[in-house]
Amino acid sequence: MEEQLSVLRALEEAIARREPAVLATVVEVRGASPAQPGFKLLLRADGTHIGNVGGGALEQEVLRQAGEVLRQGQARLVHYSLREEGEDALGMLCGGDVTVFLEPFLPQPILLIVGGGHIGRPLAEMARIVGYEVQVVDVRPERGDRRQLDPSAITPDTYVVLITENHVTDEEALRQVLRTPAAYIGMIGSLRKVRTIFEHLRAEGFSEADLARVRAPIGLDLGGRLPAEIALAILAEIECVRHGGSGRPRSEPAG
């Protein structure tokens, strides 16, 4: 029992640190087996693990498949046969059967909105519905939850949207976020504004590869021009990037 509690405490710590992890739990055992129902094992993103699900070949296979679940982000229920031959066999002599539930715990993606104005507000509302942890930077406390941009807090699962009401503040924010591992960087503005800002950044030494990370003008072309419609177009592009979508209508034949 104490070992299982240690696994759950480790899971709690991983979630608090926003570290991906997979919890493996033995849910069913039939026949002879070193595992028992309730045995738990936690695999962290750095490859370390805590707990056990029976050891030996069974545990090694659980760890291997937990690694797949960590990469794919999809839970799975897996059956293992502790026999030398047959379906799902692990080459063991115990003779029993074990079923393990592999459950991923992935950090909630962050949507960092720089500018909490007429587009930022509906964008924040929509993003929360989709499942983002929303952070809004704005000098006006009534429009955001933080007054200053902190580039050091931007992680590889942060999606950044620059939609301030001033091209100067957009440019300064872009200058900062380009040095971060953000998964997405989008900036609002006309083609002329984008060209001007890019020229400034090139002169400062930013490379073409740096600038290629920026989605600007931001969003998919959905046709709408109202603030909420622009917010929807921005979120649609972010979701395309996040999930590897094409952005084309699903009614169109592939290819």
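The values are calculated or read from the model by the stated rules, or taken from the named source; none is laboratory data. This is a predicted model, so every value here is computed, not measured. As a convention, Cβ positions derive from the backbone with ideal geometry for all residues, glycine included, and neighbour counts pool all protein chains shown.
Worth a mention:
- From the list Arg76, Arg83, the lone residue that is at pLDDT below 90 and of a type in the set (Lys, Arg) is Arg83.
- Any hit, the range 98-117, residues being touching a His at 6+ places or on another chain (Cβ under 7 Å), in a strand (DSSP E or B) and either on the phi > 0 side of the Ramachandran plot or surrounded by fewer than 18 Cβ atoms within 10 Å (Cβ to Cβ) (or both): yes
- Residue identified as surrounded by fewer than 20 Cβ atoms within 10 Å (Cβ to Cβ) and at positive phi among Gly51, Gly56: Gly56
- Restricting attention to the range 118-138, the residues being loosely packed, with under 13 Cβ neighbours inside 10 Å and in a loop (DSSP other than H, G, I, E, B) number 1.
- All positions within the range 197-215 that are among the hydrophobic types (A, V, I, L, M, F, W, C) and in a helix (DSSP H, G or I): Ile197, Phe198, Leu201, Ala203, Ala209, Leu211, Ala212
- Output for the range 189-230, where each listed residue is at positive phi and loosely packed, with under 13 Cβ neighbours inside 10 Å: Gly205, Gly223
- Qualifying residue in the range 158-165 (condition: surrounded by fewer than 18 Cβ atoms within 10 Å (Cβ to Cβ) and closer than 18 Å to Leu123 by Cα): yes
- Selection status of Arg18, under 30 Å from Ala182 (Cα atoms) and part of a loop (DSSP other than H, G, I, E, B): yes
- Restricting the range 231-255 to residues that are among the small types (Gly, Ala, Ser), under 18 Å from the mean Cα position of the chain (by Cα) and surrounded by 10 or more Cβ atoms within 10 Å (Cβ to Cβ), the residue that is nearest to Leu162 (Cα to Cα): Ala236
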